Structure formats: C-alpha cells, structure tokens
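Undergrad: Take this structure first; my questions come after.
Readers should treat all values here as calculations from the given coordinates under stated rules, not as data from a laboratory. Note that the structure is predicted; figures quoted are calculated from it, not measured. Cβ placement follows ideal geometry from the backbone for every residue including glycine, while neighbour counts extend to all protein chains displayed.
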C-alpha cells in the first residue's frame, strides 16, 4: 500500500477524533474550573489517574525509542533500522502525552517551566522535570529528519544524521536516568506504600520494566501498522525483539522475586489482601505468562504468541505503574476515611490522550516517511 | 537557635483557643464542615485550617478517657517535603519552621505525597491553588515573639523553647511521671525527629497518631538515588561509546574481511 492510499477517515479514526474532541473539552473544563471541580483528587489523594496512567505509563511506553535507536545507531544492528523511526515517534508521542497530562495535573500550569530555573538538586521531581525537558528536546531532534525529508530539506536531514550517534547516546543516558528517577520518586514513601511494591530497588525495577514495555510497544505497533498499512516487515525483527524481551522479562522476574524476598517475603504476595491480589495479577499478566509463553521452542517465531506476549507485557507494566502510584498507597491514604475513584473528566482525558497518540502515529504513517527507512540507510 | 514545642497531652482541656488564635493570626477563612460524631471540628486539617484539636475517646481500665490532641505541621528537622519540592518552594529555616513560598510552587503536590504525617493541604476549590499548612508562625519567631497558638494556650499544654531544653523537659516528664505517661516521646525519633514533640498518658496509637512513620530522616531515601547520578552519567556514556566503537569495527571488518 502506498502512503497516499492510507485513508484518513476510517471508522477507527472517527472514533479517535470523537475521543479527542471530548478530551479537548475535558481539558478546557479542567483549566476553566480547577482541579477540585473536575477530578476526584483530594487532600488524602494528591496524585491520581493522570499521574499513574498518563505520566508514568506514557514515559514507560516511550522506552522503546531509546532502545531501538541504540540498537541501530550504537550497536550497528541494521536489522532493526525499519522500526527505528516508528520507535522514536512512539517515544516522542509518549513524552508529549506525559507533558500534556502533567500540564493539566499540576495546580499552576503556567509555572511548568519553574524547575528549569529554580533548581533544587535534592528533589527527584526536579531531576524528573529536567529529564523531561532535555529528553523531549532530544526526541524532537531524533524525530526531525522525518519532517525535514517530508519538506524536502535533505540538507537539514543529513546534518541531523551526522550527529545522530552522539544524540542517540545522549538520549539513552537521559532515558536510563529518567525511567529510574520516576521510580525513585516513590522512594520517599517508606512506611506508606505497601511493602509489596516499596523497595530500595524501585528505581532499577522501573527502568527494567520500562525496557520490557518499550520492546513490546515497538513490536506490537509494528505488527498493527504493518497490517493496517499493508506494509511488509521482516519477521526476523519480531523474533529478534521477542528474544530480547525474553531476556529482559527473565531478568525482571528474578529481580522482582529478589525485591519480594528481601522485602516483605514471598508470603506477603499470597496474603489474600487487595494489595496481594493486585500484586499477583500484575506479576502473572506482565511477567509469568509472557515468560512462559516465550520460553517454548519456536515460540519466538510465532506471530500469534508474540502478539499475545506484547499485549500482556504492556498491560502488566501499566498495572505495575497503577499499583505503585495508586493501589500500593491506597490503604494508607484512605486511613482517614477518604476514597478515590477517577472522575469522568479524568477518564475522558486519559482516553483522549491515548487516542491522540494513536491518531498522530497514523497521520505520521500517512504524511511522513515513517515506515520507509530507505532514505536514511545511506547517510 | 532552632525552636521546639512540647505538647503535653495530659494538660489539654480541649478549649480550642489555639485553633482560634491560629485562625485569626493567619487570617484563615472557613470551610463547610462535616458532622463527625465528635467535637472534632473541622474533622481534618484543610487549606483553611492549620491546626485543630481532635477529641478522642478511649478506655483505660474500664474507665472512659477523653483526650484532646492538637495536630499541625510537626516541622521535621530534616523534612521530606523540603527535599522533594522541585522548585525549593518549601524550606527549613534555621529557627525551626518549615516555610512555603507560594510564588515558586508549580502545584505538583509531591510534598503532600511525601509528608509522613499527611500535613500539607491543597486549595482544591480554587482555580490556581497553592499548598497550605502551619507556618510555625515563622515571622513571629523571627521577631522573637511566641507563635500564636502557644501564646494562647491557658493550661501550659504547649511549651515553647530551645530544642535541647524542650527535649530534656519531655524526657524529664516521662521519666518523673512514670505510670502517668507512656514511655514514648512522639516526634523524638519519628521521621528523624520533629520540632513539635508530644508526651501522653494514652498510647499514641490509640489517639490516631501515625505509627508507621519511619524512625529515621526520609530525605536520604531519595538522595541515595540522586547522588549516584554523577557516576551513572560517565558509565552509560562510556558504555555507549565503547559499544559503538566495538560494533563499528566489527562491521567494518566484516565488510572489508574478504579483501
């Protein structure tokens, strides 16, 4: 299928557009009426769905960008060049999603830039903010050749590719620090967060689980876009990604078990409490099942299996972020009698942001040299 | 000279003079309250209420005991809220108070998540809300004047002074009044020590105090991570450059190999 044959208005896109319109209205309502009127947050629950799903999830799903870019530009694994552009675009969209969510979530959106000049190096949140600024800029640079080529500015595109290797290494460094510092945000919650998730290892656990999610995101979106846009992809890419996933999932599995044993003990996961069940659900969906499915002989060649694993891993890591930011703290935060369940506005905006990311991806597939990497192969 | 306060719960009669004094000195408004079945009003601290008295009914040896518990910011020696604030809106002053500069605040509410005592409150009903909490009357302290609530207390429940003197007094009371006081000074070790400390005749757990607070300062938990970053940077960078160099040589060799 040629790029121009991709239809803009399919039933799916119309649905996305409806969600985006609703989300735009929700965002305006939030900006016009304030956080208290539009969300179910409160003094007992200062952080909710926007932080757990959109900020933590958006950033985690972006990890594929630095991984694939590193594989191609740093490790010279040419095989993955066809997916490097979609991976970078996904990362860019993931960060934009997180920034928009952050902008609407903070109480003083017009002061979002304050951390850039009001330094406080003892704050993980400051570290996170600086990384968001630097890495989003880096991703914009990594993404820019697609735009330059579309606009016929080959000189600009070539100039970016000339510095791409150091840019990618810089981006990988920022990603490693940013993924782990998002976990480090929760280090301060000792005594408040359920020991099932609270661990001194949480920064590294965030990094490894983001890598799992990143690989699965790239694999899944390549599967979906290759089918939707009838675009041939070398099956070796999927099995290669699946092989890497198996290693990362295996490592994460052992690491999580270590954190559990070193923390509350294995028994805590089987205590039957809500937290214990959420923990088991997260581990079974995101870690145990994908590991078992991938380890079988020939499993990493079967598209069906890889697709299921991708969906499981993405859901499992999302669940982990929700568990860390909401369910793991819930008992403590609700001890004063308060409750939290996201409001309609919170739901609508979260769905709209994801719709926006999918919509942008599709428009990029139609209008930008996203899925063909021929032009950059020889730079 | 860091200042400190001892709250001797055995002396409080629940008059709530401190609550009123705080409200008028800090020019706090009112919020619609909720009936909670006790005299505690408002039921929790909120953005307009920096301090309140909690009325708690317990029994000791079949006898009912009524306790009156003042809550407000404890002004930790090494506060979690100060360490987590990304824009240094929250600061620990040398005199003891933890102060808040609203003009810097971006409203991320990490302080609310980080506080082990759940003290900072938010102006949820406002369009551009800021964080609110007890200031320990920092400007009064700077001028050498006693904070408003302490000045008002008619029973000597609140004792204000130098940190060392106050802690020594708390220890002496618990030691001398054996049997009367529980052997625990709340705030001596909680969160690494707080400027406001409590002694009580009723176990603190029964009075609704938060007992899961770590007995060490919290900021090192995140600083342990942040302080590693200067070592991670050259590490990842060297790994990246090294991998690029090695894999590139291999690629070149493979290409030029047959020659």
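Undergrad: State, as an integer percentage, the relative contact order of chain A based on alpha-carbon contacts under 8 Å between residues 6 or more apart.
TA: On the way: 496 pairs, mean separation 115.2, N = 379.
So the answer I get is 30 percent.
Undergrad: When the Cα centres of segment A:179-219 and segment B:98-142 are compared, how far apart do they sit, in Å?
TA: The distance from the Cα centre of segment A:179-219 to that of segment B:98-142 comes to 27 Å.
Undergrad: Taking the beta-carbon count within 10 Å as an exposure proxy, list A:256, B:189, B:176, A:297 from fewest neighbours to most.
TA: Working: A:256 22, B:189 15, B:176 9, A:297 6.
Ascending Cβ contact count within 10 Å gives the list A:297, B:176, B:189, A:256.
Undergrad: Kindly state, to the nearest 0.05, the FRET efficiency for residue A:247 paired with residue A:338, given R0 = 35 Å and r defined as their beta-carbon distance.
TA: Working: r = 43 Å, r/R0 = 1.22.
After rounding, the FRET efficiency stands at 0.25.
Undergrad: Can I ask one more? Report relative contact order for segment A:227-303 in percent, whole number only (criteria: Cα-Cα under 8 Å, sequence separation at least 6).
TA: Working: 32 pairs, mean separation 34.6, N = 77.
That works out to 45 percent.
Undergrad: Taking all pairs of different Cα atoms in segment A:117-172, averaging 1/r and flipping that mean, what Kirkwood radius in angstroms comes out? Kindly include the intermediate steps, with their values, before the conclusion.
TA: Details: mean 1/r = 0.0789 Å⁻¹.
It is 12.7 Å.
Undergrad: Exposure proxy check: B:110, B:225 ranked by fewest other beta carbons within 10 Å? Could the numbers behind the result be given before it?
TA: On the way: B:110 26, B:225 23.
Sorted ascending by nearby Cβ count, the order is B:225, B:110.
Undergrad: Now a separate question. Could you run the Debye sum over the Cα atoms of segment A:76-218, one equal point scatterer each and no solvent, and tell me log10 of I(q)/I(0) at q = 0.19 Å⁻¹, two decimals?
TA: For segment A:76-218 at q = 0.19 Å⁻¹, log10 I(q)/I(0) is -1.27.
Undergrad: So, one more: Sort out for me the Cα centre separation of segment A:117-171 from segment A:272-351, rounded to whole Å.
TA: So the two Cα centres are separated by 30 Å.
Undergrad: Hey, could you grab the Kirkwood Rh for segment A:237-344? Inverse mean 1/r over distinct alpha carbon pairs, Å, one decimal.
TA: Values: mean 1/r = 0.0655 Å⁻¹.
Answer for segment A:237-344: a Kirkwood hydrodynamic radius of 15.3 Å.
Undergrad: Let me ask something else. Compute the long axis of helix A:11-33 from its Cα atoms, compare it with the longest principal axis of the Cα atoms of chain A, and write down the angle in degrees, 0 to 90, nearest 10.
TA: 50 degrees
Undergrad: Once both axes come from the Cα atoms, what is the angle between helix A:303-322 and the longest principal axis of chain A, in degrees from 0 to 90, rounded to 10?
TA: 40 degrees
Undergrad: Continuing with the same structure: More than 26 angstrom separation, counting every C-alpha pair in chain B; what % is that?
TA: On the way: 16202 of 33411 pairs.
Taking all Cα-Cα pairs of chain B, the fraction more than 26 Å apart is 48 percent.
Undergrad: Follow-up question, since we're still on this one. Can you give me the Kirkwood hydrodynamic radius for chain A, using every pair of distinct Cα atoms, in Å to one decimal? Show your work: numbers first, answer last.
TA: Working: mean 1/r = 0.0465 Å⁻¹.
The Cα-based Kirkwood calculation yields 21.5 Å.
Undergrad: Hey, with R₀ at 56 Å, roughly what FRET efficiency would residue B:31 and residue B:245 work out to, going by the Cβ-Cβ distance, to 0.05? Before the final figure, lay out each step's value.
TA: Details: r = 64 Å, r/R0 = 1.14.
Step by step, r from the Cβ atoms, then E = 0.30.
Undergrad: Report the equivalent ellipsoid semi-axes for the protein assembly as shown in whole Å, largest first, defined as the square roots of five times the eigenvalues of the gyration tensor built from alpha carbon atoms. Could the numbers behind the result be given before it?
TA: Working: eigenvalues 536, 122, 108 Å².
Here the semi-axes work out to 52, 25, 23 Å.
Undergrad: Follow-up question, since we're still on this one. List the relative contact order of chain B as a percent without decimals, with contacts defined as Cα pairs under 8 Å and 6+ residues apart.
TA: Numbers: 423 pairs, mean separation 61.6, N = 259.
Once normalised by length, the contact order is 24 percent.
Undergrad: In degrees from 0 to 90, rounded to the nearest 10, what is the angle of the helix B:229-256 Cα long axis to the longest principal axis of chain B?
TA: Once rounded, the angle reads 20 degrees.
Undergrad: What is the calculated FRET efficiency for residue B:142 to residue B:238, with r their C-beta to C-beta distance and R₀ = 56 Å, to the nearest 0.05?
TA: Working: r = 50 Å, r/R0 = 0.89.
My answer for the efficiency is 0.65.
Undergrad: What ranking of B:153, B:115, A:360 emerges when the number of other C-beta atoms within 10 Å of each C-beta is taken as an exposure proxy, fewest first? Spell out each step's value before the answer.
TA: Numbers: B:153 21, B:115 25, A:360 17.
Lowest count first: A:360, B:153, B:115.
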